[in-house]
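All of the numbers you see were taken from the coordinates with simple rules; none came from a lab. Note that this is a predicted model, so its numbers are computed, not measured. Neighbour counts are summed over all protein chains in view; Cβ atoms, including those assigned to glycine, are modelled from backbone coordinates with ideal geometry.
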Amino acid sequence: MKKIIIAIDGHSSTGKSTLAKQLAASLNYIHVDSGAMYRAVTLFGLKEGLISETHFDVNALISAVQTLQMEFKTNENQTTALFLNGSEVSSEIRSMTVSNFVSQVAAIPEIRIRLVEAQRQMGAKKGIVMDGRDIGTVVFPNAELKIFMTASAETRAKRRFEELFKNGQHVDYDAVLANIKSRDFKDSTRKKSPLKQAKDALVLDNSALTQSEQFDLVLGWINAKCQE
Ligand code: CDP
């Protein structure tokens, strides 16, 4: 079967990465979680003191992103993980502190240009599933299959709360819901590459779908695209 590019965009915590991972594993494709890259830049900024409650050094972040090394590699659990300057950061980048600053970092045009360039290189050979906010609109406008995922804010907050809880992060549900709503707003209203549905994207509202129902539905879409 021919290899295609699958672009998955949508609101935060709709399960884009979970679906992308399942698809990549079953099709033997590469999976790239582009949000993890914006999160890694944010984590670096926090660690280096470029970002704090009272301070946000845009210029230093822009210089830092030019030299940061980001690589998706298989870790010891045989799952694809993001390595930042050689160290795995998969769980650190999911913290609430990173979530609270990431949309501000992702709104910086120079940072987007750098990360989009890296993302396009990763997809040069096709056979890739990439998830994010601007994959079908900006990164791969010619992707063969574009999916736009959505679900109610409450459903998404519940899922994210459970994920954080499982990872030992005991946070307040209302704080998670507030973060989701605030990121929806920031991501959809920013000037550079706002989150919006590509005209040719297929909408996947998974508020009432199980993971396996969703997976079967999307596999059907892929088969149809690969036969075109
Ligand atoms: O996992 P979740 O859906 O909550 O978010 P994520 O995919 O990890 O992305 C974190 C943040 O990065 C988003 O809220 C966006 O602000 C930003 N992002 C972006 O601007 N463009 C992308 N292609 C991916 C993420």
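For the chain, the relative contact order comes to 33 percent (Cα pairs under 8 Å, sequence separation of at least 6). Around the Cα centre of the stretch 5-223, unit charges on the Cβ atoms of Lys, Arg, Asp and Glu (plus for the first two, minus for the last two) sum to a dipole of about 440 debye. For the pair the stretch 44-111 and the stretch 10-31, the centres of their Cα atoms are 21 angstrom apart.
Taken one residue at a time, the phi angles of the stretch 150-164 give Karplus couplings (6.51, -1.76, 1.60, θ = phi - 60°) of 8, 6, 5, 4, 5, 4, 5, 5, 4, 5, 5, 4, 5, 5, 5 Hz. Gly and Pro are set to x.
Taking the average, over residues, of other Cβ atoms within 10 Å as the packing measure, peptides 98-106, 52-60 rank 98-106, 52-60 from highest down.
Among rounded, prolate and oblate, which fits the stretch 160-228 when a ≥ b ≥ c are the square roots of the eigenvalues of its C-alpha gyration tensor, a/c under 1.5 means rounded, and a/b larger than b/c means prolate? Judged from the Cα gyration tensor, the stretch 160-228 comes out oblate (a/c at least 1.5, b/c at or above a/b).
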